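Where a number appears in this text, it was derived from the coordinates with a stated rule and is not lab data. None of these values were measured; they are calculated from a predicted model. Don't worry about glycine lacking a Cβ; one is built from the backbone with ideal geometry, like all the others, and counts go over all protein chains shown.
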Amino acid sequence: MIARLHRLGRAFFGVLRRPMARAFDAAENPLNHLGAMTIFFLWIVLISGIWLLIFFRTSVSGAFESVEYLTREQWYLGGIMRSLHRYASDAAIITILLHIVKEFVFNRYRSNRWFTWVTGIPLVWMIFVLGITGYWLVWDELAQYVAITSAELMDSIPIFTDSMAGNFLSDDLLSNRFFTLMAFLHLIGLPIFLVFGIWLHVFRLNGPRINPARRLMAASLIAMLVLSALYPAISHEQAELAMTPQSLRLDWFYLHVYPLVQIWSPGWVWVFLVGISTVIVIAPWAPPQKKEQAALVTLDFCNGCERCVDDCPFGAVEMVPRTDGTNYTHQAGVDPDLCISCGICVGACPTATPFRSRGELLPGIDLPDRMASALREDIIAAGKQGESPHVIVFACRDDQQVQEIEKAGLSFVKVNCMGQLPPSYVDFTLSRGHADGVLLLGCLDGNCSYRYGAEWTEQRLARQRDPMLRRRVDMSRVAIGWQAPWSENSGVVQKYEAFLRSLQQ
Ligand code: HEM
Ligand code: SF4
Ligand code: SF4
């Protein structure tokens, strides 16, 4: 069932990908930066919100008029800010939903990643409550509908003794204090919690990508400015509690649940919302999964260089005081509760070299389930088998292309993530004559299952990041085929054949 949902979601991303890939490169494709795009939209919401706050009056009588003033009298700035505030909030809902689906369908929520997943859920609740209280503050007919329906929802929770709906029986009963409370929640309380929540959400990640590419930000801002100028956000008629609003333009991004209160009952709406949230919370453990072994440090080979700390995308390695009495001051220490066994630290370790001739090949840090020594054996086994030129393909286990390679019967060596492959293994493969060419296949940057595998690999091969590929390696014998993980047909065999032809020339 879960696998079927994953497949369905991947197909959905495949459909979205086609037009997006035509318009953007990987660094600028919004589908590759959904979390960062959400943060960018929230920045727009914050900045436009500050402008609205300057003119907003937090009283029942003043609220509607102050928003009307901004929309009509100050349309060139206040009106645009109001529209930006709304459209950026709507855009944030789209990117959050896509972000959740993407993390789910590409399996980035299980094992030790549960923390980032679970801390995302309160963020969704906060953003919805922020949006709902925002509609409330305008105090027009829509706000009236939102206020009364929200009060029905709150009153159905048995913990409240006073009826909230009682506040909305008539205009006289509606107190400024209640209204100021809403304004406080929307303008100060919830934003502070949201900032803290986003920090908590990404704090276990090493180098979280919180800013999208500049051109992407500029293009999204321009698109929203154009939308704001063409279709400015406007209010309904002023709220009048004695009257029932006849026709409302609902913002379906935030208010889709409200009609359900009338169709079902407030109680069932809570069951629905809490039910969905619970299913999402338990998703990382449903069904339980066998945990892979965490990376293991062998002190005899650890020189305390810290490269594994810098490169681990999940903050699972830290330097701790040396315990073996050698001259080094520090050693690497792995937290097994954070490690997700991607192997990127092995790719970073200068002692993970297949050229070692004496003793066992044990680097400073290694993966017990996919050891550096086994990788070397696999290369030797896949090595030159007669025909020339011979190419060895290194493939990331999560890459869709692996199945196609297996079907085509090519010689290949599987790694947990392309970032697990130390550059010295490429040198070893070519300089020891195990192959005439090396083709590396992994997930396109922004889609790497382990966040930084593609980026670190490119930098190591380009000799921009330690450990660097040695200069003696002829780069015309090395090819890389990054592929978005949702591609239906990656054309890997064609890539392989094109590379073979280039080697023959
Ligand atoms: C306000 C809403 C949210 C924002 C601003 C946000 C932002 C981010 C950012 C910036 C990252 C780091 C991306 C990277 O550097 O690789 C991230 C990762 C992640 N997010 Fe969110 N997120 C939000 C909501 C959610 C929700 C609701 C979920 C799921 C229920 C979720 C699940 C995840 C997961 C699983 C990762 C980690 C992926 C990994 O381990 O590689 N996020 N998020
Ligand atoms: S990269 Fe290797 S040698 Fe350097 S600190 Fe980490 S385990 Fe030790
Ligand atoms: S295997 Fe991956 S998560 Fe674990 S310590 Fe190494 S780089 Fe970090």
(request) Once every Cα of the stretch 204-268 carries one equal point scatterer and solvent is ignored, give the base-10 log of I(q)/I(0) from the Debye formula at q = 0.11, 0.26, 0.27, 0.28 Å⁻¹, two decimals. (result) -0.58, -1.19, -1.21, -1.23
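Compute the length gained on full extension between residue 177 and residue 94: take 0.36 nm times their separation in residues and subtract their Cα-Cα distance, giving the result in nm to one decimal.
Details: separation 83, 0.36 × 83 = 29.88 nm, distance 3.37 nm.
Fully extending the segment from residue 177 to residue 94 adds 26.5 nm.
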(message) Could you tell me how far the Cα centroid of the stretch 378-444 sits from the Cα centroid of the stretch 23-78, in Å?
(response) 50
(message) Quick check: from the Cα gyration tensor, does the stretch 251-384 come out rounded (a/c under 1.5), prolate or oblate?
(response) prolate
(message) I'd like the Karplus ³J(HN,Hα) series for the stretch 31-43: coefficients 6.51, -1.76, 1.60, θ = phi - 60°, whole numbers in Hz, and an x wherever there's a Gly or Pro.
(response) 5, 8, 9, 5, x, 5, 5, 4, 4, 4, 5, 5, 4
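Using Cα pairs under 8 angstrom and six or more residues apart, how large is the relative contact order of the chain, in percent? Before the final figure, lay out each step's value.
Working: 751 pairs, mean separation 68.1, N = 505.
This gives 13 percent for the chain.
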(message) Quick one: 3J(HN,Hα) in Hz for the stretch 177-186, Karplus 6.51/-1.76/1.60 with θ = phi - 60°, rounded, Gly and Pro as x.
(response) 5, 4, 5, 5, 4, 4, 4, 4, 4, 6
(message) Using a 7 Å offset from the Cα along the Cα-to-Cβ direction at both residue 327 and residue 476, what is the distance between the two label points in nm, to one decimal?
(response) 4.4
(request) Report the charge-dipole magnitude of the stretch 370-505 in Debye, nearest 20, computed about the Cα centre from +1 at each Lys and Arg Cβ and -1 at each Asp and Glu Cβ. (result) 480
(request) Taking just the C-alpha trace of the stretch 296-504, give me its Rg and Dmax in Å. (result) 16.9, 54
(message) Can you compute the modelled spin-label distance between residue 408 and residue 46, with each label point 7 Å from Cα toward Cβ, in nm?
(response) 4.7
(request) Calculate the length of the line joining the C-alpha centroid of the stretch 314-351 to that of the stretch 267-291, in whole Å. (result) 35
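Which order do the peptides 317-326, 289-298, 63-72 come out in when sorted by mean C-beta neighbours inside 10 angstrom, highest first?
Details: 317-326: 13.0, 289-298: 15.3, 63-72: 18.7.
With the highest mean Cβ count within 10 Å placed first, the list reads 63-72, 289-298, 317-326.
Work out, step by step, the length gained on full extension between residue 278 and residue 355: first 0.36 nm times the residue separation, then minus their alpha carbon distance; give nm to one decimal. Before the final figure, lay out the partial values.
Numbers: separation 77, 0.36 × 77 = 27.72 nm, distance 5.11 nm.
Taking 0.36 nm per residue and subtracting the Cα distance, the gain is 22.6 nm.
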(request) Step through the residues of the stretch 499-505 one at a time and calculate ³J(HN,Hα) from phi using the Karplus curve (6.51 cos²θ - 1.76 cosθ + 1.60, θ = phi - 60°), rounding each to whole Hz and writing x for Gly and Pro. (result) 5, 4, 4, 5, 6, 6, 6
(request) For the stretch 131-163 and the stretch 80-113, compute the distance between their C-alpha centroids and round to whole Å. (result) 25
(message) Shape verdict for the stretch 429-505, please, from the Cα gyration tensor: rounded (a/c under 1.5), prolate (a/b greater than b/c) or oblate.
(response) oblate
(message) Taking just the alpha carbons, could you work out the radius of gyration and Dmax for the stretch 2-285, both in angstroms?
(response) 20.0, 58
(message) Quick query: amide H of residue 482 versus all other amide H atoms, modeled in the peptide plane; which residues come in under 5 Å with a sequence gap of 5 or more or a different chain?
(response) 442
(request) Mind giving me the nanometre distance, one decimal, between the label points for residue 159 and residue 55, set 7 Å out from Cα along Cα→Cβ? (result) 3.9
(request) Output the peptides 93-102, 402-411 sorted from most to least packed, where packing is the average of other Cβ atoms within 10 Å over each peptide's residues. (result) 93-102, 402-411
(request) Name the long-range amide H neighbours of residue 365: under 5 Å, sequence gap of 5 or more, or other chain; modelled H, no Pro or chain starts. (result) 298
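For the chain, would you read off the P(r) tail past 41 Å as a percentage of all alpha carbon pairs? Please report the intermediate quantities before stating the final value.
On the way: 43877 of 127260 pairs.
Result: 34 percent of Cα pairs exceed 41 Å.
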(request) Positive end of the charge dipole of the chain (Lys, Arg +1 and Asp, Glu -1 on Cβ, about the Cα centre): tell me which of 201, 438, 115 has its Cα farthest that way. (result) 438
(message) What does the extension gain come out to for residue 498 and residue 73, with contour length at 0.36 nm per residue minus their alpha carbon separation?
(response) 146.6 nm
(request) Would you be so kind as to identify which of 491, 478, 255 lies farthest towards the positive end of the dipole of the chain, taking Lys and Arg as +1 and Asp and Glu as -1 on Cβ and the Cα centre as origin? (result) 478
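Which FRET efficiency, nearest 0.05, do residue 16 and residue 373 yield, Cβ-Cβ r, R0 60 Å?
Numbers: r = 42 Å, r/R0 = 0.69.
That pair, residue 16 with residue 373, gives E of 0.90.
Which whole-number percent gives the relative contact order of the stretch 296-504, counting Cα pairs below 8 Å spaced six or more residues apart?
Working: 406 pairs, mean separation 39.5, N = 209.
For the stretch 296-504, the relative contact order is 19 percent.
Run the dipole for the chain about the Cα centre, Lys and Arg Cβ at +1, Asp and Glu Cβ at -1, nothing else charged, and hand back the magnitude in debye, nearest 20. The partial results should precede the final answer.
Values: 43 positive and 45 negative charges, 359 e Å.
About 1720 debye.
Report, in debye and to the nearest 20, how large the dipole of the stretch 1-85 comes out about its Cα centre when Lys and Arg carry +1 and Asp and Glu carry -1 on their Cβ. Working shown, then result.
Numbers: 9 positive and 5 negative charges, 132 e Å.
It works out to roughly 640 debye.
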(message) For a quick check: with amide H placed at 1.01 Å from N, whose amide H comes under 5 Å from residue 415's, ignoring anything fewer than 5 positions away on the same chain?
(response) 395, 396, 397
(message) With unit charges on the beta carbons (Lys and Arg positive, Asp and Glu negative) and the dipole taken about the Cα centre of the chain, which residue among 40, 235, 320 sits farthest to the positive side?
(response) 320
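Take every Cα pair under 8 Å in the stretch 336-385 that's 6+ residues apart, average their separations, divide by the length, and report that relative contact order as a whole percent. Intermediate values should be presented prior to the final figure.
Details: 35 pairs, mean separation 15.0, N = 50.
Over the stretch 336-385, the number comes to 30 percent.
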